[in-house]
Amino acid sequence: MKLIQTKDYDDMSRKAANIISAQVILKPDSVLGLATGSTPIGTYKKLIEWYQKGDLDFSDVRTVNLDEYKGLTKENDQSYYYFMNENLFKHINIDLTKTNIPDGTEEDAKKECDRYNHVIESMGGIDLQLLGLGNNGHIGFNEPCDTFDKLTHCVTLTQSTIDANARFFEKIEDVPRYAYTMGIGQIMSAKKVLVVVNGKGKAEILKKVIEGPVTPFVPASILQFHPDVTIVADEEAASLLTLE
């Protein structure tokens, strides 16, 4: 596990975007696992900026997103389909037919999970998986529990996750209670994993992820066992770390 400490959010975003852009340049048809949430937005802005300068070409890139809220349509401005379109896809030359996000409108959870598992398998795996870090240690929507789920599954969101997401919705009753998410096994099978973490509010959980025991009650702690993980964290997020 490699830790890159940065001075602030902009520096974190730039360094994370450097890692992703190097992946795309070295392998133009890379499979990128993508994340949503507020933390990766700066990274996506940098990638867009470099694309517009002519430094990056996404025409052969394929993507799989980590997760999607169950019950939200693609047109809903809080869906992750909408998020990816607004924050990355519509600003670069990616082929939208090569982008993949779980279908939040599919009511049959088993059917959708089986479909998404097949999508990931058919791509031959993920070259680089981008992750944020939830306040409770979740990655994707793999919430703290007593087991690590291997494959795509439908999860009941914890109250802490619902509360954290409430700021994006008009009222807390509007926040979805369920989501489709890629499994821990699929995340761990990615060739490379890149985690972006910022802010003092993430310092305690980042310490648990890096320095604590591996436990499904801190889902991201499993990354200690991955052979190629880079965590890019700003000074505030890394402020409680003690290990060299």
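The values are calculated or read from the model by the stated rules, or taken from the named source; none is laboratory data. This one's a predicted model, so the numbers in the text were calculated from it and none came from an experiment. FYI the Cβ positions are ideal-geometry reconstructions off the backbone, even for glycines, and counts take in every protein chain you see. Protein only, heavy atoms only, side chains kept; ligands, DNA and RNA dropped before computing areas. Shrake-Rupley method; radii C 1.70, N 1.55, O 1.52, S 1.80 Å.
Where a ≥ b ≥ c are the square roots of the eigenvalues of the C-alpha gyration tensor, would you call segment 100-244 rounded, which needs a/c under 1.5, or, failing that, prolate if a/b is larger than b/c, or oblate?
It comes out oblate by the Cα gyration axes.
Assign unit charges at the C-beta atoms only (+1 for Lys and Arg, -1 for Asp and Glu), then state the dipole size of segment 2-234 relative to its Cα centre in Debye, rounded to the nearest 20.
On the way: 26 positive and 33 negative charges, 138 e Å.
The calculated dipole for segment 2-234 is roughly 660 debye.
Mind checking the per residue accessible area of the chain for me, 1.4 Å probe, whole number of Å²? Could you put the intermediate results ahead of the total?
Numbers: 11250 Å² over 244 residues.
Ligands and nucleic acids excluded, the figure is 46 Å² per residue.
Grab the Cα-Cα distance for residue 27 and residue 147, subtract it from 0.36 nm times how many residues apart they are, and report the gain in nm with one decimal.
On the way: separation 120, 0.36 × 120 = 43.20 nm, distance 3.44 nm.
Gain on stretching residue 27 to residue 147: 39.8 nm.
With both bridge residues required to lie in the chain, what share of the DSSP beta bridges run antiparallel, to the nearest 5%?
Roughly 30 percent of the DSSP beta bridges within the chain come out antiparallel.
Measure off, as a whole percent, the carbon and sulfur share of the 1.4 Å-probe accessible area of segment 87-244, all protein chains present.
The computed percentage sits at 53.
In whole Hz, with x marking every Gly and Pro, tabulate ³J(HN,Hα) for segment 128-145 from phi via Karplus 6.51 cos²θ - 1.76 cosθ + 1.60, θ = phi - 60°.
3J(HN,Hα) across segment 128-145, in whole Hz: 9, 10, 8, 10, x, 10, x, 4, 9, x, 6, 10, x, 10, 7, 7, x, 7.
Enumerate the lysines that residue 90 could reach by cross-link, defined here as Cα to Cα under 17 Å, with residues fewer than 8 away along the same chain left out.
Cα-Cα hits under 17 Å: 45, 46, 53, 74, 98.
What are the DSSP H helices in the chain that stretch 18 Å or more along their long axis, judged by alpha-carbon atoms, and whose average Kyte-Doolittle hydropathy comes to at least 0.0? Provide the component values of the computation, followed by the final result.
Numbers: long enough: 9-26 (26 Å, 0.19); 109-122 (19 Å, -1.33).
Helix filter hits for the chain: 9-26.
For segment 1-60 and segment 141-181, what is the separation of their Cα centres, given in Å?
If we compute the Cα centre of each part, the gap is 26 Å.
Once you sort the root eigenvalues of the Cα gyration tensor of segment 2-234 as a ≥ b ≥ c, which label holds: rounded (a/c under 1.5), prolate (a/b larger than b/c) or oblate (the other case)?
Working: a/c = 1.30, a/b = 1.09, b/c = 1.19.
Cα axes put segment 2-234 in the rounded bin.
Could you tell me which of 184, 147, 199 has its Cα farthest along the dipole of segment 2-234 towards the positive end, charges placed at Cβ (Lys, Arg +1; Asp, Glu -1), taken about the Cα centre?
After comparing all options, I get 199.
Filter the chymotrypsin sites (Phe, Trp or Tyr not before Pro) in segment 153-187 to those in DSSP coil with at most 15 other Cβ atoms within 10 Å of their Cβ, and list the result.
Working: sites: 168, 169, 178, 180; in loops: 169.
Answer in residue order: 169.
Note down the nm distance, to one decimal, between modelled labels 7 Å out along Cα→Cβ at residue 170 and at residue 77.
1.1 nm
Can you tell me which of 182-190, 152-160 comes out highest on packing, and rank the rest after it, using the mean Cβ neighbours within 10 Å?
Values: 182-190: 21.0, 152-160: 17.9.
Highest to lowest by the protection proxy: 182-190, 152-160.
Work out how far the C-alpha atoms of segment 105-163 reach from end to end along every principal axis, then list the three figures in whole Å, largest first.
The principal-axis extents, from largest down, are 34, 29, 23 Å.
Using a Gaussian network model on the chain with a 10 Å cutoff between Cα atoms, which of 181, 147, 63 fluctuates the most?
Of 181, 147, 63, the most mobile in the Gaussian network model is 147.
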